[in-house]
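Computed from the coordinates by the stated procedures, all read-outs in this text should not be read as laboratory data. Predicted, not measured: the structure shown is a model, and the values here were computed from it. No Cβ is skipped: glycine too gets one built from the backbone with ideal geometry, and neighbour counts run over all protein chains shown.
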Amino acid sequence: MGTLVVTGGSRGIGAAVSLAAASAGWDVVVNYVRDEAAAQDVVRRILDAGGRATAVRADVSDPADVERLFAQADAWLGPVTGLVNNAGISGGAARVDEVAPQAVADVLATNVAGPFLCCGAAVRRMSTRHGGSGGAIVNISSRAAVLGSPGEWVHYAASKAAVDTLTVGLAQEVATEGVRVNAIAVGLVDTEFHDSSGEADRPARIRPTVPMKRSGTPEEVAAAAVWLLSDAASYTTGTVLAVSGGR
C-alpha cells in the first residue's frame, strides 16, 4: 500500500483511520500536536497487530512542521503515497457576532491552512509531475459546510466549506498526475470533539434530527476513508462523500 500520513491521528476519527488503514496494509504515520501518549498508544496497537507505524509531533498550521512531518515519514517508513487530513478544531461554540477573533484565526490556521500545506507537501511527493508514483488524499470535512451550523460554529462550518473547495480544485489540478483527492463530509459522530468544543450535550441534542436517528462511529468514517485511499476507488476523485446518516 505504501506510507500513509494521518494528521490528528491520535484520537477519535484519526485514530480509527490509522488503525483501519494499518489493517488494510498501510504503513502509518500517526501525527499529533499535544497528546503523545494517545499517539503512541495507536502506534502500539498497530505494531501489536503486525503493522508498521510511527508517531510524529507536528503542528499542521506551521509550514516548517509540515515539511518535517513528511520528511520523517519518507525517512522512517518510505515514500508517502497516502494522506488523510483529519486534524481540526471547532474554535468553540459561538454566534458570528460573539466569536473571538483569535478563535476564527485559529480555526482557519488549523482547518484551512493545515490541509493546504499538507496537500502541497503530499503532491510534491506523489505527483508524476514531481517524479512521484501517484497516491491518494482524503480530506476530512463536515456536513457543517452545507448546513452552516447557525448558532453554534459558523466559523468552523466556513472552514470546512473551504476544505470542500480545496478538494474539488486540487483533484482537477492533479487528475492526470496519478493523484486522487476526495473528502468525507462527516455528520454527527460520537467523539471527544464535542467535549473539547464545550458542547458535550450536542450529540444527544442533534441526534433526533438525523434521519437514521443515531450518531455515527469513528470506525464508519474510517471505513470510507480506507475505501477512498484504495484502488477500489480508482475512478473516484473530486468527490465529497457524505457519511452522515442522511443529515
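Does the stretch 118-130 contain any residue that is in contact (Cβ under 8 Å) with a residue 12 or more places away in the chain and polar (S, T, N, Q)?
Yes; the residues of the stretch 118-130 include at least one that is in contact (Cβ under 8 Å) with a residue 12 or more places away in the chain and polar (S, T, N, Q).
For the stretch 203-245, which positions are on the phi > 0 side of the Ramachandran plot and either small (Gly, Ala, Ser) or surrounded by 19 or more Cβ atoms within 10 Å (Cβ to Cβ) (or both)? Steps first, please.
Residues of the stretch 203-245 that are on the phi > 0 side of the Ramachandran plot, as a first pass: 213, 238, 245.
Within the stretch 203-245, 238, 245 qualify.
How do the helices (runs of 4 or more DSSP H) wholly within the stretch 10-91 filter down when requiring 3 or more residues that are free of Cβ contacts under 8 Å to residues at least 24 places away in the same chain and exposed (fewer than 15 other Cβ atoms within 10 Å of the Cβ): which remain?
Numbers: elements: 12-23, 36-48, 63-77.
Once the helices (runs of 4 or more DSSP H) in the stretch 10-91 are filtered for at least 3 residues that are free of Cβ contacts under 8 Å to residues at least 24 places away in the same chain and exposed (fewer than 15 other Cβ atoms within 10 Å of the Cβ), what remains is 36-48, 63-77.
Condition check: among the basic types (Lys, Arg), out of contact with any Lys or Arg (no Cβ under 6 Å at 6 or more places or on another chain) and more than 20 Å from residue 60 (Cα to Cα). Does residue 95 satisfy that? Talk me through it step by step, then tell me what you get.
Values: among the basic types (Lys, Arg): yes; out of contact with any Lys or Arg (no Cβ under 6 Å at 6 or more places or on another chain): yes; more than 20 Å from residue 60 (Cα to Cα): yes.
Yes: the conditions hold for residue 95.
Those residues that are closer than 25 Å to residue 9 by Cα and touching a Gly at 6+ places or on another chain (Cβ under 9 Å), I need them from the stretch 90-101; list them, please.
Passing the criteria: 90, 92, 93.
Within the stretch 207-247, how many residues are over 19 Å from residue 176 (Cα atoms), in a helix (DSSP H, G or I) and free of Cβ contacts under 8 Å to residues at least 60 places away in the same chain?
6
I'd like the full set of residues that are surrounded by fewer than 19 Cβ atoms within 10 Å (Cβ to Cβ) and touching a Lys or Arg at 6+ places or on another chain (Cβ under 7 Å), limited to the stretch 171-194.
177, 192 - these are the residues of the stretch 171-194 that are surrounded by fewer than 19 Cβ atoms within 10 Å (Cβ to Cβ) and touching a Lys or Arg at 6+ places or on another chain (Cβ under 7 Å).
Quick one: how many residues across the stretch 93-152 are under 30 Å from residue 176 (Cα atoms) and assigned to a helix (DSSP H, G or I)?
Residues that pass the stated criteria total 24.
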